[in-house]
Amino acid sequence: MLSPTQVAQPVSFSFDTESEAELTMLIARYPAGKQASAVIPGLYVVQNQMKRHTGSAWVPVKGMDVLAEKLGMAPIRVYEVATFYYMFNMAPIGKYHLQLCTTTPCWLRGSDEIVAACRVATGIKGWKETSADGMFTMTEVECVGACVNAPILQVDDDFYEDMNGERTTALLAALRRGETPKMGSTIGRQTSAPEGGPTTLLFAPEA
Amino acid sequence: MPKLTIDGIEVEVPAGSTILQAAEAAGIEIPRFCYHERLTVAGNCRMCLVEVEKTPPKPIASCAYPVGEGMVVHTDTTMVRNGRRGVMEFLLINHPLDCPICDQGGECDLQDQAMGFGSDHSRYAENKRAVKDKDLGPLVKTQMTRCIHCTRCIRFITEIAGVPELGATDRGEHMEVGTYVEKALSSELSANIIDLCPVGALTSKPYEFVARPWELSKVDSIDVLDAVGTNIRIDSRGPEVLRILPRLNEDVNEEWVGDKSRFALDGLKRRRLDRPWLKKDGKLTAVSWAEAFSAIADKVKGMSGDRIGAVAGDICDAESMLALKDLMASLGSANVDCRQDGARLDASRRDFYTFNTSIAGIEEADAVLLIGTNPRKEAPVLNARIRKAFVARGIPVGVIGSETDLTYRAQQLGNDPTVINALNDGSHPFADTLKNAKNPLFIIGQGALARPDGSAVLAAAWRLAGTMGALTPEWFGFNVLHTAAARVGGLDLGFVPGPNGKSVAQMLDGGVDVLWLLGADEIDTARIGANTFVVYQGHHGDAGAHRADVILPGAAYTEKSGTYVNTEGRVQRGFLAVYPPGDAREDWTIVRAFSQLMGKTLPYDNIDALRMRLEETNVVFSRIGFLPRFGCSDPAAPSGDPAALSDTPFTVAVENYYQTDVISRNSPTMAACSATTPALAAAAE
């Protein structure tokens with residue numbers, strides 16, 4: 001784990017109007033006095049605000065301190081949560097966060113090919129590293145829960161399913177151009193129905 | 001109360017107990033790392049596995065499993081042994097084999113239990129994980145690779161110390177215990193995590209590589225660096241005190257000790273007075289005892305008693321104070337005072353100056369009012385009791401004094417004495433809270449008493465306690481919190497100005513020609529007139545010794561058998577752990593020897609005779625360790641006019657917790673602590 005001093009931390013952090021509105025909504029979901037329950041969504045608010053303001057979605061220490069203050073928690077309790085969940089980036093990342101699932105189902109369906117394609121396209125050698133141009137950060141993640149459409153490449157919050165090497169290269173090129181390709185299955189699969197279309201429930205039974 | 005059978009022994013324990021507690025009641029020891037009876041149950045080390053009949057056939061963590069009626073528990077079956085052996089093997093996967101260089105060696109739970117449940121070889125050839133050490137300040141040394149993640153330190157700091165700064169960051173194999181953002185722990189009780197740590201991850205920084213536990217001789221004693229009377233054990237080797245650890249006393253300190261009391265001991269080795277000194281031609285010269293004594297005798301002989309006076313300091317034992325008082329009386333002087341800070345304490349009745357509710361009694365309170373005191377700085381162990389009551393029942397706490405973090409939620413009611421009367425006549429909103437409380441608790445600090453209107457504050461606080469129902473035979477909620485370990489003892493044996501006697505202030509301002517300072521260093525020595533002949537009897541070359549004409553080297557609290565009375569009025573006795581350095585002597589013997597020279601030999605030749613005299617002086621000295629708790633039998637108020645309150649804000653009695661007396665002021669460890677405390681460091685600049 002990176003210690004916070006190994007990262008260039010911003011000297012201050014305060015919630016902008018958008019974040020404030022979001023937090024107010026989040027805190028209202030929980031009974032009075034239990035506002036600490038909003039800490040996980042609250043950390044996303046911090047991370048998203050950093051993305052809006054700096055182009056990099058991560059959680060600085062000052063952000064956690066401000067959130068702790070807001071939720072009436074000890075800062076260390078927020079640090080614990082933030083470092084426990086790997087969805088929160090404790091150091092700046094690239095513009096796009098490539099989260100590659102390499103757990104068994106994705107791996108059996110060819111995740112190695114996607115990893116290789118990402119490495120070629122971005123020049124990133126290891127995990128949790130950012131490309132030289134600052135566009136991409138590659139993270140290896142465990143099962144993202146979309147095994148039916150494996151393999152998965154998650155870019156920020158969006159799933160790109162049924163990937164292969166070729167389509168990965170094309171996706172990254174499109175992202176580089178500033179486009180946002182349509183998320184979901186890249187082979188035209190309808191949700192998680194069988195490849196090529198439904199094989200059961202093809203007609204309604206007669207009454 | 002459910003009855004259950006553990007290893008064939010039938011026990012009955014309160015409902016809601018755990019199997020581990022029941023086993024303890026049955027006298028069966030269950031190994032554990034994470035469980036601690038004063039902390040919440042974490043259940044994460046899995047060492048306390050047992051087998052329970054008629055449950056799924058698997059080992060059960062006994063620390064987190066509640067007892068049930070008719071339960072049959074086995075703590076020594078094959079399944080249990082295999083389970084514990086497996087847990088131990090897992091714990092040792094990443095634990096380094098560095099016991100020979102580990103300070104915990106010899107008193108390590110993991111070491112001990114590995115003897116019982118460990119294997120003789122390891123099945124793991126993989127590299128052990130390495131964790132970066134954390135910097136937790138000048139007291140706690142970390143070696144985080146040794147950590148087994150029991151989380152006792154995290155729970156202590158969060159629950160008992162009330163300063164949530166430690167946590168477990170990251171997860172799984174990468175989990176680390178620390179502060180995440182590196183900082184020194186800001187709790188005054190922080191070093192207790194050293195005792196709690198079952199392995200060598202948290203050890204004492206000043207004691208690093210100093211000694212092995214089996215080399216030390218251990219002596220029971222009483223801490224004197226605050227007025228709580230914490231029970232301590234002094235570990236020494238040869239002539240040197242090496243460390244101080246808390247002893248269990250449920251009524252006083254439970255099993256905690258403040259950081260100052262634990263670590264100020266390196267001050268015992270610095271700037272010590274180890275031989276008598278005499279000022280000759282304006283310069284202190286080393287002399288013999290005989291020469292020093294005769295210099296004093298020359299001054300005193302023929303002098304009228306009312307021109308002689310004595311002041312006792314904050315860390316004196318009762319024996320030496322009594323001897324000095326008797327000496328003064330034999331010289332015809334009633335000028336004795338043990339209230340260095342000029343606190344307007346009323347010594348006429350014992351309950352006017354003691355902590356009547358008792359420290360354990362704090363837990364029965366259902367509302368607390370702190371008047372001119374910051375218990376976190378003045379008595380951190382006692383503050384932990386208030387916090388305990390707060391955590392258990394969320395009791396309201398009001399503060400009349402400057403705003404500060406007490407580790408629990410406290411309501412700021414104002415900062416001057418007039419608030420007391422506003423509460424008394426009900427015009428302050430907090431009055432209702434106190435009124436509705438069954439057991440309201442009032443704590444008056446020295447910050448409220450050591451001021452010109454101190455006796456008015458005392459009387460007003462007493463009256464308020466009466467109004468709120470805290471002065472009844474059932475509940476005595478009026479308490480004075482002292483900062484000096486010697487204070488209550490001094491008041492008990494009457495070390496206060498007698499008829500026509502002079503107080504500290506009068507003695508300093510030229511009221512006497514010969515002034516005997518018994519470890520009194522917290523007075524303003526600049527006020528002493530140039531022609532006053534000052535005798536300093538004590539163990540450190542501090543403020544008093546600097547002004548002295550004669551220095552008589554005495555013994556520090558670790559070097560003498562002494563009786564101390566804590567703020568509750570509990571009489572406790574400490575024992576000699578090491579001998580005083582050089583020519584220094586136990587203090588009462590110095591006074592006794594001098595009395596002989598004056599031809600007024602004090603009538604005690606040994607400490608037992610002196611203690612008989614103590615008991616004669618005040619019967620409370622016959623009750624060692626035991627404190628009877630009384631209700632309030634007489635609501636008559638202490639002298640002082642409650643209406644004469646000024647509106648000057650209260651000041652704090654203890655500005656810097658780490659440096660309050662000669663020992664802690666001379667301790668490099670305590671100096672390092674105040675340097676790492678941001679507020680204190682800023683004030684020093």
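Going by amide H atoms built from the backbone, whose H comes under 5 Å of the H on A:Tyr96, apart from near neighbours?
Residues meeting the criterion, in which the H sits 1.01 Å from N, are A:Phe136, A:Thr137.
What FRET efficiency comes out for the pair B:Ser217/B:Ser427, r = Cβ-Cβ distance, R0 = 60 Å, nearest 0.05?
0.50
In nm, to one decimal, how far is the modelled label at B:Ser294 from the one at B:Arg623, with both set 7 Å along Cα→Cβ?
4.9 nm
In what sequence, largest accessible area first, do B:Leu265, B:Leu248 appear using a 1.4 Å probe?
Solvent-accessible surface, decreasing: B:Leu248, B:Leu265.
Taking a probe of 1.4 angstrom, what is the accessible area of A:Arg29 in Å², to the nearest 10?
It works out to around 150 Å².
How about the stretch B:58-125: which GluC sites (Glu not before Pro) there are in a DSSP loop, with at most 10 other Cβ atoms within 10 Å of their Cβ?
Sparse-neighbourhood loop GluC sites (Glu not before Pro): B:Glu69.
Put +1 on the Cβ of each Lys and Arg and -1 on the Cβ of each Asp and Glu in chain B; which of B:Ala681, B:Val619, B:Leu471 then has its Cα farthest toward the positive end of the dipole?
Ranked along the dipole, the leading option is B:Ala681.
Do any GluC sites (Glu not before Pro) in the stretch B:212-266 lie in a loop, going by DSSP, with at most 11 other beta-carbon atoms within 10 Å of their beta carbon, and if so which?
Passing both the DSSP loop test and the Cβ count: B:Glu250.
Taking the Cα centre of the stretch B:150-252 as the origin, how large is its charge dipole in debye, to the nearest 20, when only Lys and Arg (+1) and Asp and Glu (-1) carry charge on their Cβ atoms?
With Lys and Arg at +1 and Asp and Glu at -1, about 240 debye.
Per residue of the stretch B:107-113, in order, report the coupling 6.51 cos²θ - 1.76 cosθ + 1.60 (Karplus, θ = phi - 60°) as ³J(HN,Hα) in whole Hz, putting x for Gly and Pro.
Here the 3J(HN,Hα) series is 9, 10, 4, 5, 4, 4, 6 Hz.
Tell me the relative contact order for chain B as a rounded percent, counting alpha carbon contacts under 8 Å between residues six or more apart.
15 percent
Using only alpha-carbon positions, what ratio does the radius of gyration of the stretch A:96-185 give when scaled by 2.2 N^0.38 Å?
0.95
So how exposed is A:Met87, as accessible area in Å² (1.4 Å probe, rounded to 10)?
For A:Met87, solvent-accessible area is about 100 Å².
By accessible area of protein heavy atoms, probe 1.4 Å, what ranking do B:Cys673, B:Cys147 get, highest first?
Putting B:Cys673, B:Cys147 in descending order of accessible area: B:Cys147, B:Cys673.
Once Lys and Arg get +1 and Asp and Glu get -1 on their Cβ, which of A:Gly134, B:Ser217, B:His36 lies farthest toward the positive end of the dipole of the protein assembly as shown?
The residue sitting most towards the positive pole is B:Ser217.
Quick one: grab the alpha carbon gyration tensor of chain A, order the square roots of its eigenvalues as a ≥ b ≥ c, and give me rounded if a/c is under 1.5, else prolate or oblate depending on whether a/b is larger than b/c.
Taking the square roots of the gyration eigenvalues as a ≥ b ≥ c, chain A is oblate.
Evaluate peptide B:175-188: per residue, the Cβ atoms of other protein chains within 10 Å of its Cβ; return the mean as an integer.
The shielding value for this peptide is 3.
Quick one: order A:Val120, A:Val46 from most to least accessible surface, probe 1.4 Å.
A:Val120, A:Val46
Give me the net charge for the shell around B:Gly426: Cβ to Cβ below 14 angstrom, other residues only, Lys and Arg +1, Asp and Glu -1.
Counting the neighbours of B:Gly426, the net charge comes to 0.
For the stretch A:4-84, what is one quarter of the convex hull surface built on the Cα atoms, given in nm²?
Quarter of the Cα hull surface area: 5.1 nm².
Taking just the C-alpha trace of chain B, give me its Rg and Dmax in Å.
Rg, Dmax (Cα atoms, Å): 27.4, 90.
Compute, for B:Ser122, the solvent-accessible surface of its heavy atoms (probe 1.4 Å) with the complete set of protein chains present, and express it in square angstrom to the nearest 10.
Near enough 80 Å² of accessible area.
With the cut-off at 1.5 for a/c, could you classify the stretch B:553-685 from its C-alpha gyration tensor as rounded, prolate or oblate?
oblate
List the residues, sorted by chain then number, that are 5 or more residues from B:Val336 or on another chain and whose placed amide H is less than 5 Å from its amide H.
B:Ala310, B:Gly498, B:Lys502
I want the local charge near B:Ile308. Using Cβ-Cβ distances under 14 Å, sum +1 for each Lys or Arg and -1 for each Asp or Glu among the other residues.
0
Say the dipole of the protein assembly as shown comes from +1 at the beta carbon of Lys and Arg and -1 at that of Asp and Glu; which of B:Ser646, B:Ser503, B:Ala543 then lies farthest toward its positive end?
The listed residue farthest towards the positive side: B:Ala543.
Give me the angle, in degrees from 0 to 90, between the Cα long axis of helix B:454-467 and the longest principal axis of the Cα atoms of chain B, rounded to the nearest 10.
50 degrees
How well do other chains shield peptide A:73-83, expressed as the mean number of their Cβ atoms within 10 Å of each residue Cβ?
Mean shielding count: 6.
If I fit a long axis through the Cα atoms of helix B:607-617 and take the longest principal axis of the Cα atoms of chain B, what angle between them do I get, 0 to 90°, rounded to 10?
70 degrees
For the stretch B:360-468, rounded, prolate or oblate, judged on the Cα gyration tensor with a ≥ b ≥ c (square roots of eigenvalues), a/c < 1.5 rounded, else prolate if a/b > b/c?
It is oblate, given that a/c is not under 1.5 and a/b is not larger than b/c.
Within the stretch B:1-19, what residues put their amide N at less than 18 Å from the label point 7 Å along the Cα-to-Cβ vector of B:Thr77?
B:4-11, B:19
Just to be sure I understand the interface: list residues from the stretch A:1-16 that lose 20 Å² or more of accessible area between the chain on its own and the complete protein assembly, 1.4 Å probe.
Those residues are A:Met1, A:Pro4.
Which residue fluctuates most in the GNM of chain A (Cα springs below 10 Å): A:Ser111, A:Ser131, A:Ser12?
With Cα springs under 10 Å in chain A, the top fluctuation among A:Ser111, A:Ser131, A:Ser12 is at A:Ser12.
What does the charge count around B:Phe575 come to, taking other residues whose C-beta lies under 10 Å from its C-beta (Lys +1, Arg +1, Asp -1, Glu -1)?
Counting the neighbours of B:Phe575, the net charge comes to +1.
Sorting check: for B:295-302, B:126-133, A:103-110, B:474-481, which peptide has the highest mean count of neighbouring beta carbons within 10 Å, and how do the rest follow?
Result, highest mean Cβ count within 10 Å first: B:474-481, A:103-110, B:295-302, B:126-133.
Which angle between 0 and 90 degrees, to the nearest 10, do you get for helix B:380-393 versus the longest principal axis of chain B when only C-alpha atoms count?
50 degrees
The values are calculated or read from the model by the stated rules, or taken from the named source; none is laboratory data. Everything numeric here is computed off the predicted structure, so don't read it as measured data. As a convention, Cβ positions derive from the backbone with ideal geometry for all residues, glycine included, and neighbour counts pool all protein chains shown. With ligands, DNA and RNA removed, areas are computed over all heavy atoms of the protein, side chains included. Shrake-Rupley method; radii C 1.70, N 1.55, O 1.52, S 1.80 Å.
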